[in-house]
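Let me begin by presenting the structure, written as structure tokens, before commenting on it.
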Amino acid sequence: MASSRDERPVGLRERKKARTRAAIQDHALRLFIEQGYAETTVEQIAAAAEVSPSTFFRYFPTKEDTVLYDRLDPVLIEAFVRQPAELSPIAAVRAAIHEVFTGLDAEESELERARQRLVLGVPELRGRLMDQVADGVGLLVDGVARRTGRAPDDLAVRAWSGAVVGVCVAAFLTALVDPDGDPMRDLDAALAQLEAGLPL
């Protein structure tokens, strides 16, 4: 898969681990698409990725984690931090999202949408969605602190980050229930609404 979905670790060992983790996740998502989440076993995923089951569990504690792990999150945060300083925080988020998602190839985009559909469609995955949201807020808090120079425990930073993540979740929920929906269009529109003060 293209590097746009990688976490871009620095060391050789870290890069190798990231490639293995990405390969396992990609094979898992392909199998879930082809034969269903419940019907796919860890052993099948490991075989497709050409690793042993024990290696699988070194990277993912459970089958659920192959779906819940979002390796785009740290890429998005880095893209957000490096946006031009003159952009408002919301404009920087919108630019970062556009940069990262337009950098995905067709298969990467399909796997990411499949991952999102699974999170919402499989009960045991949906039950862990709040943990994923909390992780996303934490990552964005750190990114905002780096970009603005404010403290990560600043309530304004945390509230703003929570609002952005909440709007993003709402946009993806809207897009995923519509097979013909455009998640990027809905996400950008939702962030624009947030920047305008969420008028109704």
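Taking into account only those residues within segment 176-199 that are within 17 Å of Glu110 (Cα to Cα) and not in a helix (DSSP H, G or I), which is modelled with the lowest pLDDT?
So, considering only residues that are within 17 Å of Glu110 (Cα to Cα) and not in a helix (DSSP H, G or I), the one modelled with the lowest pLDDT is Pro179.
With the checklist (1) surrounded by 13 or more Cβ atoms within 10 Å (Cβ to Cβ); (2) modelled with pLDDT of 95 or more in hand, flag the one item Ala159 doesn't pass.
In the conditions (1) surrounded by 13 or more Cβ atoms within 10 Å (Cβ to Cβ); (2) modelled with pLDDT of 95 or more, Ala159 misses (1) alone.
Say whether the condition of being surrounded by 14 or more Cβ atoms within 10 Å (Cβ to Cβ), under 30 Å from Gly197 (Cβ atoms) and touching a Gly at 6+ places or on another chain (Cβ under 6 Å) is met by at least one residue in segment 82-101.
For segment 82-101, residues surrounded by 14 or more Cβ atoms within 10 Å (Cβ to Cβ), under 30 Å from Gly197 (Cβ atoms) and touching a Gly at 6+ places or on another chain (Cβ under 6 Å): absent.
Looking only at segment 1-21, which residues are part of a helix (DSSP H, G or I) and at pLDDT below 95? Please lay out each step first, then the result.
Step one: of segment 1-21, the residues part of a helix (DSSP H, G or I) are 3-5, 12-21.
Matches in segment 1-21: Ser3, Ser4, Arg5, Leu12, Arg13, Glu14, Arg15, Lys16, Lys17, Ala18, Arg19.
Pairs, please: C-beta under 7 Å, at least 6 apart or cross-chain, first residue within 18 Å of Val119 (Cβ to Cβ) and among the polar types (S, T, N, Q) and in segment 65-84, second in a helix (DSSP H, G or I) and modelled with pLDDT of 95 or more?
Thr66/Ile24; Thr66/Gln25; Thr66/Ala28; Thr66/Ile45
The values are calculated or read from the model by the stated rules, or taken from the named source; none is laboratory data. These numbers come from a predicted model, not from an experiment. All Cβ positions, even for glycine, are placed from backbone atoms using ideal geometry, and neighbour counts span all protein chains on display.
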